[in-house]
Structure formats: C-alpha cells, structure tokens
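Below: one structure, written as structure tokens.
Derivation of every value follows stated rules applied to the coordinates shown; laboratory data play no part. Bear in mind that the values here come from a model prediction, so they are computed numbers and not experimental data. All Cβ positions, glycine included, derive from the backbone under ideal geometry; neighbour counts span all protein chains shown.
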Amino acid sequence: MSRRTQRIAELLRAEIARVLQREAGDPRLRLVTLTRVDVAPDLSHAVVGWSAVATPDGAPRDDVQRGLESAAPFLRGRLARTLSLKRLPELRFRHDPSLQQGSEMLSLLREIGHGEEE
C-alpha cells in the first residue's frame, strides 16, 4: 500500500468513526469500533474492518453488519462533504474478530493467573 492510500485509509477510518459516533441514528452502530480500512490502489473501494465487543440489546453481529451496509450511502455522502478527494471509494464492511478474540484471550489469562495464586 502506498503512502497516499495509507493516508486516505486513515482519513476514512477517522471520519467514518466520527460520523458513526456522533451522527448515526441506528443504535446498533454506536458501539462499533473500526479496526482498519484497506483502500484499493485505484480508490474504487475501501474495505472497512469493524468489531463490536458489546452490542446494544445483544444485537447479533449480522444485525450490525446489515446496519453498516444500509448506512454506507449516508456515510459516503458525509465523507464526500468533509474530505477533499476527487474519487471517493465505495464502502464495504467486514467484521474483524480480533478485538473480541483479544478480549477472550485476556479473560483466559486472568483465569490462569487467579488459578496459580490459589
């Protein structure tokens, strides 16, 4: 990935996160953490990795995915107004389980640590 696409990816991640936190009307999207954005070299699309350790009302991951997909046009419109890019990539969302896996690993390590203390 070139420096330019890395910069664009970080701009997209920061702005999408801001919009989701402050402007999203869908409660499923408020607790979403964006883990990374991979931008195609030609800026045709960007794959946005997301994770949600806790979702409101125990919303399943599929519900959050559908919420993000339905919010994509709204997000793209907001990005077009705030970022000065000639070509704004199409947004695609993909669940990234790394945060959840990390949380589970820490929990297991704590259990092991408590077992050794006793």
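Semi-axes of the chain's equivalent ellipsoid from the Cα gyration tensor, sqrt of 5 times each eigenvalue, largest first, rounded to whole Å? Let's see the in-between values first.
Values: eigenvalues 197, 63, 23 Å².
Equivalent ellipsoid semi-axes, largest first: 31, 18, 11 Å.
What ranking of Thr33, Thr5 emerges when the number of other C-beta atoms within 10 Å of each C-beta is taken as an exposure proxy, fewest first? Before the final figure, lay out each step's value.
Working: Thr33 13, Thr5 18.
With the fewest neighbours first, Thr33, Thr5 line up as Thr33, Thr5.
Looking at Gly77, Ala14, Pro97, which one has the Cα that reaches farthest to the positive end of the dipole of the chain (charges on Cβ: Lys, Arg +1; Asp, Glu -1)?
Working it through, the farthest residue towards the positive pole turns out to be Gly77.
Starting from the amide H of His45, placed 1.01 Å from N in the peptide plane, find each other amide H under 5 Å away whose residue is 5 or more places distant or on another chain.
Those lying under 5 Å, H to H, from His45 are Ala40, Glu90.
Under a point spin-label approximation (7 Å from Cα along Cα-to-Cβ), what is the Glu69-Thr82 distance to one decimal in nm?
2.5 nm
Under the Karplus relation 6.51 cos²θ - 1.76 cosθ + 1.60, θ = phi - 60°, what is the ordered set of whole-Hz ³J(HN,Hα) values for the range 30-45, x standing for Gly and Pro?
6, 9, 7, 10, 8, 8, 6, 9, 10, 9, 5, x, 8, 6, 6, 8
With a 10 Å Cβ neighbour count serving as the proxy for reagent exposure, in which order, fewest first, do Ile8, Ile112 appear? All intermediate terms of the calculation are to be shown ahead of the outcome.
On the way: Ile8 21, Ile112 10.
Fewest-to-most ranking of Ile8, Ile112: Ile112, Ile8.
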